[in-house]
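S.K.: First the structure, then my questions, so here it is.
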Amino acid sequence: MSLLMVITFMLCVAPGCAQFPRPCATREALRTKECCPPWDGDGSPCGASSGRGSCEDVEVSQQPDGPQYPFSGVDDREKWPLVFYNRTCQCAGNFMATQ
């Protein structure tokens with residue numbers, strides 16, 4: 001029984017891989033605040049020519065921040081991802097961001 005618990009625990013705490021795509025971590029991308037890299041499949045930003053997605057303005061909720069952000073205006077998670085980008089890829093249909 002304990003082996004089953006250990007396996008279940010290990011499956012639940014798998015490491016995550018949520019990072020900015022490498023082309024979005026350049027000085028130019030951070031300066032322009034745009035993360036719309038070309039997709040290798042067709043060379044268009046966000047794979048727009050193939051219907052994978054499009055480069056869109058970031059829209060964030062206008063709801064007030066909760067108590068998890070005690071340092072208003074200092075925490076990078078507030079209004080994510082506007083701290084870094086104003087425009088990002090918006091995936092279409094069942095596509096997801098992979099770079």
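S.K.: May I ask you to compute the full-extension gain from ARG87 to GLN63, defined as 0.36 nm times their residue separation minus their alpha-carbon distance, rounded to one decimal in nm?
M.R.: 6.6 nm
S.K.: In what sequence, largest accessible area first, do LEU30, LEU82 appear using a 1.4 Å probe?
M.R.: In descending accessible area the options line up as LEU30, LEU82.
S.K.: For GLU56, tell me the accessible area in Å² from a 1.4 Å probe, rounded to the nearest 10.
M.R.: Answer for GLU56: close to 80 Å² accessible.
S.K.: To the nearest 10 square angstrom, how much accessible area does ASP57 have with a 1.4 angstrom probe?
M.R.: ASP57 has an accessible surface of roughly 100 Å² with all protein chains in place.
S.K.: Taking all protein chains together and a probe of 1.4 Å, list ARG22, ARG52 from the most accessible to the least accessible.
M.R.: ARG22, ARG52
The values are calculated or read from the model by the stated rules, or taken from the named source; none is laboratory data. The model shown is predicted, which means the values in this text are computed figures rather than measured ones. Surface accessibility is based on the protein's heavy atoms, side chains included, excluding ligands, DNA and RNA. Shrake-Rupley method; radii C 1.70, N 1.55, O 1.52, S 1.80 Å.
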